[in-house]
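The values are calculated or read from the model by the stated rules, or taken from the named source; none is laboratory data. Worth saying up front: this structure is predicted, and the values here are computed from it rather than measured. Glycine also receives a Cβ, built like all others from the backbone with ideal geometry; neighbour counts cover every protein chain displayed. Remember, those area values only see protein heavy atoms, side chains included, never the ligands or the DNA or RNA. Shrake-Rupley method; radii C 1.70, N 1.55, O 1.52, S 1.80 Å.
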Amino acid sequence: MEKQENKDMSIAYQNKDIVSKYFGDRLKGKKLSLFGLTSELKVVDILPTNLPLVKANELRIDNLFELEDGSLVILDYESTYKKSDFIKYGSYILGVSERYLKENKEPDIHMMVLYTADIEKQDMVFHKSSCDIRVEASFLVGTDSEKWKNEIGECIKNQEFTDEMAMRLVLLPLTYKGDEEKQTAIRESVELARQIPDKDIESFVLSGILAFTDKVINEKTRNHIREVLSMTQVGKMLIDEGRMEERTELRNELAKEMLRDGKPDEEILKYSKISEDRLAELKRELFQKA
């Protein structure tokens, strides 16, 4: 049984979508200023990131939020700074715009990026005569990491853990420069999070740490965190999601096999337990490839 749980944990842990959604759902009602951004607007909804244009270019948005004023925020986080990234951000903006224009909607769109402490402050406007790509950035360079860590520890000890402290703990590993320092900080941050008495806040912080360190964590630290999380609420959630993903994949494979054998739709739906919409998607996948 132990091996099966570890296997399922591995399946789910590799799927960043799970922890990102879990973390994002708990951001609702919280201000963007918690990320160090200037906006005081609150997040009201977490939106899908699977955009046709983005998918075609094999790009993936980290987060897409709807704010209380009806505008949208694309939030990325980076450990490097490259001018070519502005092309990626432009594709994100076009992809989101395309989705909403199909619904005859034109919400304002903000592009925001959170940079780790490795990156010094940079010019965040990509200017061409035809257009400007403007990015609001939060730079963690210069953050007093040890002060943050001590203040977080005191707040946990005194059971006065605010939204600001929770987000600081999520971002704490990114305030350190260098790979080795980040790996140590990730481990320390997870241990601090596990000391939070409120299990809902603990889950929010742990899922946030996982989501925001995805681009900087190494395999050794990842394996350590996987073991630590196995007995937490987040770990159990990941295991459950992993099992659900595995069942869904088995159902899809059964439906594909029955389609290849020419079985009628009614029989496929009965035995695979998939939805009619999913069956239509599988048909398109199989027959377009053929």
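In this model, which of LYS21/LYS199; LYS28/LYS182; LYS28/LYS82 are farther than 22 Å apart at the alpha-carbon? With Cα atoms farther than 22 Å apart: LYS28/LYS182; LYS28/LYS82. Of ARG247, ARG134, ARG194, the order by accessible heavy-atom surface (1.4 Å probe, DNA, RNA and ligands excluded), from most exposed downward, is ARG134, ARG247, ARG194. Ratio to report: Rg/Rh of the range 111-260, with Cα atoms as the point set and Rh obtained by the Kirkwood method; give two decimals. Value, to two decimals: 1.10.
Counted residue by residue at 0.36 nm each, then reduced by the alpha carbon distance between them, the extension gain from THR80 to TRP148 reaches 22.2 nm.
Of ILE87, ILE61, the residue with the largest accessible area leads and the full order is ILE87, ILE61 (1.4 Å probe). When shorter helices are ignored and each DSSP H run of at least 4 residues is given -39500 (n - 2.57), the per-residue value for the chain at 222 nm works out to -17000 deg cm²/dmol. For LYS121, a cut-off of 20 angstrom between C-alpha atoms picks up these aspartates and glutamates, skipping any fewer than 8 places away in its own chain: ASP76, GLU78, ASP85, ASP132, GLU136, ASP144, ASP179. Of the solvent-accessible surface of the chain, computed with a 1.4 Å probe and all protein chains present, 48% belongs to carbon and sulfur. Rolling a 1.4 Å probe across the protein heavy atoms gives the chain an accessible surface of 54 Å² per residue.
Distance between the C-alpha centres of the range 72-131 and the range 177-237: 27 Å, rounded to the whole angstrom. Heavy-atom accessible area with a 1.4 Å probe sorts THR221, THR248, largest first, into THR248, THR221. In this view, the solvent-accessible surface of ARG226, computed with a 1.4 Å probe and all protein chains in place, comes to about 40 Å². Among the lysines, select those whose C-alpha is under 29 Å from the C-alpha of LYS263, and discard any that sit fewer than 8 residues away in the same chain. Correct list for LYS263: LYS273, LYS283, LYS289.
Sum up the charges of everything whose Cβ sits under 12 Å from the Cβ of GLU40, counting Lys and Arg as +1 and Asp and Glu as -1, but leave GLU40 out. With Lys, Arg at +1 and Asp, Glu at -1, the neighbours total +1.
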